[in-house]
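J.: Have a look at the structure that comes next, please.
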Amino acid sequence: MQHKSLIYDGTFEGFLSCVFYVFEYKLSDVTIQNEFVNQNELFADTETILTDKQKSNRVWKGLKQKASTLTSTKIYYAFLSEQPKVENVLLDYIQYIFKSSEKVDTDFTQPSVLKTSQIAKNVSREKHRMEAFVRFKLTKDNIYFANIEPNFNVLPLIARHFKSRYADQKWIIYDIRRNYGLFYDLLKLDFIDLDFPDNFDFSKTSSDFFSEQEFDFQKLWKDYFDSTNIKERKNMKLHVRHVPKRYWKYLSEKQPNL
């Protein structure tokens, strides 16, 4: 039988719809690929699988019954990593779960179990870093705005944290790498995409968009950071470990003095 490549729309439901298709047609020589990621496979018979919420829900429900909550969480986290060919690692793991009579959560002798766990751990670490290092700026529309550029697609994972922590404020957290964001309007959370002006510099605070109050706050924050960051006791190695350099350009306390 010719190798089959299933193309999906990049969503988690789309991926699970492909998993359903694999089981439904008992496919063995198969790979799953995101339609937005170029992974041309020579001599593959490609088929586009439409996202079917009913089928994806059946797979997810079955998975939760066969495996622990931690396992299903790891699978979701690993999916959000967007790592090359992660779908095939997850497909192998899911197939292993369904054909095993016992729980296989910690069977790290199985490559896909170990790989999924490692990827999920990295995504979880990125999630916690984003929750710690997001800095909001007050816009002239009285909406608090923060931009992030995470290594992984963690925006769906940090939504609950910020909704709980900033329930009394309107805010947007925008992933500028993936060009979409979260908007909380005091009632509900929505995923949004925005058109920014050409050459918009996310690492600066422009008076065209942000309020004067925000400038005052950023200066206060930086003064506080400077006063507590005693030069003689500065441990840059430790600081870089706690605040990876790729976040510095968006942190108020790392902005140069004007």
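J.: Just to verify a result, which residue in region 1-28, among those that are of a type in the set (D, E, K, R) and in contact with a strand residue (DSSP E or B) (Cβ under 9 Å, 6 or more places away or on another chain), is farthest from Ser72 (Cα to Cα)?
T.: Only one residue tops the list, namely Lys4.
J.: Output the residue which, of all residues in region 22-36 that are outside any loop (DSSP other than H, G, I, E, B) and within 18 Å of Ser81 (Cβ to Cβ), is least open to solvent (accessible area, probe 1.4 Å).
T.: The qualifying residue least open to solvent (accessible area, probe 1.4 Å) is Ile32.
J.: Does Ile94 fit the bill of being in contact with a Leu (Cβ under 8 Å, 6 or more places away or on another chain) and under 29 Å from His3 (Cα atoms)?
T.: Yes, satisfied.
J.: Please determine, by comparing only the residues of region 1-21 that are modelled with pLDDT under 95 and among the polar types (S, T, N, Q), which one is surrounded by the fewest Cβ atoms within 10 Å (Cβ to Cβ).
T.: Checked region 1-21; the qualifying residue surrounded by the fewest Cβ atoms within 10 Å (Cβ to Cβ) is Gln2.
J.: Quick one: count up the residues across region 22-46 that are acidic (Asp, Glu) and either within 15 Å of Val89 (Cα to Cα) or at pLDDT 95 or above (or both).
T.: Total meeting the criteria: 2.
J.: Just to check your reading of the model, which residue among Glu126, Glu149, Glu131 is acidic (Asp, Glu), surrounded by 20 or more Cβ atoms within 10 Å (Cβ to Cβ) and modelled with pLDDT of 85 or more?
T.: The conditions single out Glu126.
J.: A further question follows. Inside region 58-108, can you point out the residues that are touching an Asp or Glu at 6+ places or on another chain (Cβ under 8 Å), surrounded by fewer than 17 Cβ atoms within 10 Å (Cβ to Cβ) and under 30 Å from Arg177 (Cβ atoms)?
T.: Leu70
J.: Now a separate question. Take the residues in region 167-180 that are part of a strand (DSSP E or B) and within 11 Å of Asn153 (Cα to Cα); name whichever of them is least open to solvent (accessible area, probe 1.4 Å).
T.: Asp175
J.: Determine, yes or no, whether Leu63 is assigned to a helix (DSSP H, G or I) and closer than 24 Å to Pro150 by Cβ.
T.: No, not satisfied.
The values are calculated or read from the model by the stated rules, or taken from the named source; none is laboratory data. What you are looking at is a predicted structure, and each value in this text was computed from that prediction instead of being measured. A quick note on method: Cβ atoms are made from the backbone with ideal geometry, for glycine too, and the neighbour counts reach across all protein chains shown. Ligands, DNA and RNA are excluded from the accessible area calculation, which covers all protein heavy atoms including side chains. Shrake-Rupley method; radii C 1.70, N 1.55, O 1.52, S 1.80 Å.
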